[in-house]
Structure formats: structure tokens, C-alpha cells
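Reviewing the structure listed below.
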Amino acid sequence: MREFGWTNPVLIDGEGTIIAGHGRVLAARQLGQTVVPVIISLAHLTEAQRLRARRQQARRESRLE
């Protein structure tokens, strides 16, 4: 983030719950950032779809460790 900025926004649902991007939010906090780009286009998803999206993102992030 420090070098390239935000290349991938945080995904949130209509209630403000992070669907994808937990690690990016934590990294931004460590860098002292208080504002992050988000996409709030997932409000239409069912609870099952949100859960699948969270699991899929967690798998992606775990591969980066």
C-alpha cells in the first residue's frame, strides 16, 4: 500500500460488514490510514452468498502468507 496505493478496494455489504479485505484494513491501520476505498455493491447477496465470498477471500489471503 505504501508503494502502490490501493489497487483492490474493500468489499462490504449493505450493513457495513467487511466481506473481503480484512487484511487490507489491518495493513491500512498499521500505516496510519483512516480512510479506505470500499465497494458497497454486495448488499443484494444472500447470507449464504456472503459466507461463500468471505471463505473464498480468506483462502486467497491465506495463500499470500
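From the helices alone, meaning DSSP H stretches of at least four residues, give me the mean residue ellipticity at 222 nm for the chain, per-run term -39500 (n - 2.57), in deg cm²/dmol to the nearest 500. List each step's numbers first, then the result.
Numbers: 2 runs with 27 residues, N = 65.
Result for the chain, helices only: -13500 deg cm²/dmol.
Counting other Cβ atoms within 10 Å of each Cβ, which trypsin sites (Lys or Arg not before Pro) in the chain have at most 10 and sit in a DSSP loop? The partial results should precede the final answer.
On the way: sites: R2, R24, R29, R50, R52, R54, R55, R59, R60, R63; in loops: R2.
When the trypsin sites (Lys or Arg not before Pro) of the chain are filtered for loop state and at most 10 Cβ neighbours within 10 Å, R2 remain.
Can you list the residues, at least 5 places off or on another chain, whose amide H is less than 5 Å from the amide H of I19, using H built in the peptide plane?
Correct list: L11, I12, D13.
Rank T7, G21, A58 by how far each Cα sits towards the positive end of the charge dipole of the chain (+1 on Lys, Arg Cβ; -1 on Asp, Glu Cβ) and give me just the farthest.
A58
Going by a ≥ b ≥ c, the root eigenvalues of the Cα gyration tensor, does the range 10-64 fall in the rounded group (a/c under 1.5), the prolate group (a/b larger than b/c) or the oblate group?
On the way: a/c = 3.21, a/b = 1.33, b/c = 2.41.
In terms of gyration-tensor shape, oblate.
Can you give the charge dipole size of the chain about its Cα centre, rounded to the nearest 20 debye, using +1 on the beta carbon of Lys and Arg and -1 on the beta carbon of Asp and Glu?
On the way: 10 positive and 6 negative charges, 46 e Å.
Charge dipole of the chain: 220 debye, to the nearest 20.
No lab work stands behind these numbers, since they all come straight from the coordinates. In this text the structure is predicted, and so the values were computed from the model without any measurement. Positions of Cβ are generated from backbone atoms using ideal geometry, with glycine treated the same way; all protein chains shown enter the neighbour counts.
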